[in-house]
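Below you'll find the structure, written out as structure tokens, and then a few comments.
The values are calculated or read from the model by the stated rules, or taken from the named source; none is laboratory data. The structure displayed is predicted, hence computed values, not measured ones. Here Cβ is always computed from backbone atoms with ideal geometry, including for glycine, and neighbour counts include all displayed protein chains. Please note that ligands, DNA and RNA were not included when accessible areas were found on the heavy atoms of the full protein model with its side chains. Shrake-Rupley method; radii C 1.70, N 1.55, O 1.52, S 1.80 Å.
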Amino acid sequence: NEIFSQKGAGWEEKTLGEVVNIIGGGTPSKKNEEFYDGDIPWATVRDMNSDKLSITNHRINELGLKKSSSNIIPKAHVIIATRVGLGKVCILEQDTAINQDLKGLIPKIKYNILNDFIFWWYKSIRKKVIEAGTGATVQGVKLTFVRELVFPLTSKDEQIRVVNLLNKFSSTIDNLEKQYLIKESDFLELKKSILQKAFSGELTQK
């Protein structure tokens, strides 16, 4: 968060709509089974469970794509949730069609923006996105809100530096989480062992 909020020299502010094309999605009619079980991965918010999205629960075919407002977002690009799972963001590991709750962010060529830079920036503002959600039962944000988000534009070299730094931090955090889970499991096993000894009287034996 500090990296994006405390920008250095050479950074400038643009709106997200200025620097990327925001692509929407759609859902082929569920009443028509012939639209599904094809070769095209089709993503919903439920598929966005990690930073990289490689597998989707559903697939559609060319007819389903043609007969709906869904669009295919190319591999390595960023998708975000604008409804239901506000704040969620992923990088695609394969060309993937999306439903109406998602948006694909395709950088405009002239700005030379890295997809990984967009990904980390969006992660840094997801709390703001969540807080902006409206709706009585399902929280969402409008396309105008997404377009007007302030995006920090900087040189490609600076983007690479930022991405490498955040990837390193992310790797460190992942390792710490794994170590924590291992230790938590060890402590639970120790607790079970102590309780078993307590109930069997081993702890009070002379």
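Considering only the range 36-46, I want to know if a residue exists there that is of a type in the set (D, E) and surrounded by 13 or more Cβ atoms within 10 Å (Cβ to Cβ).
Scanning the range 36-46, I find no residue that is of a type in the set (D, E) and surrounded by 13 or more Cβ atoms within 10 Å (Cβ to Cβ), so the answer is no.
Being open to solvent by less than 60 Å² (accessible area, probe 1.4 Å) and either over 22 Å from K88 (Cα atoms) or in contact with a Gly (Cβ under 7 Å, 6 or more places away or on another chain) (or both) is the filter here, so list the residues in the range 65-76 that pass it.
L65, S68, S70, I73
Return a yes/no flag: does the range 163-185 have any residue that is closer than 29 Å to L102 by Cβ, touching a residue at least 24 places away in the same chain (Cβ under 8 Å) and over 21 Å from the mean Cα position of the chain (by Cα).
No.
Taking the options T144, T172, name whichever one is part of a helix (DSSP H, G or I), among the hydroxyl-bearing types (S, T, Y) and at pLDDT 90 or above.
Being part of a helix (DSSP H, G or I), among the hydroxyl-bearing types (S, T, Y) and at pLDDT 90 or above holds for just one of T144, T172, which is T144.
Residue-by-condition table, conditions (1) modelled with pLDDT of 95 or more; (2) among the aromatic types (F, W, Y); (3) open to solvent by less than 60 Å² (accessible area, probe 1.4 Å); (4) over 11 Å from the mean Cα position of the chain (by Cα):
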residue: T56; (1), (2), (3), (4): yes, no, yes, yes
residue: L63; (1), (2), (3), (4): yes, no, no, yes
residue: V78; (1), (2), (3), (4): yes, no, yes, no
residue: E93; (1), (2), (3), (4): yes, no, no, yes
residue: L102; (1), (2), (3), (4): yes, no, yes, no
residue: P107; (1), (2), (3), (4): yes, no, yes, yes
residue: L114; (1), (2), (3), (4): yes, no, yes, yes
residue: W120; (1), (2), (3), (4): yes, yes, yes, no
residue: G135; (1), (2), (3), (4): no, no, yes, yes
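Restricting the first residue to the range 123-150 and requiring it to be under 13 Å from L16 (Cβ atoms) and in contact (Cβ under 8 Å) with a residue 60 or more places away in the chain, which pairs with a second residue that is surrounded by fewer than 16 Cβ atoms within 10 Å (Cβ to Cβ) and basic (K, R) meet a Cβ separation below 8 Å and a spacing of at least six or different chains?
Taking only residues 6 or more apart or on different chains, the pairs are V150/K14.
Filter the range 3-35 for residues that are at pLDDT below 90, open to solvent by 70 Å² or more (accessible area, probe 1.4 Å) and assigned to a helix (DSSP H, G or I) and give the result.
Matches in the range 3-35: S5 only.
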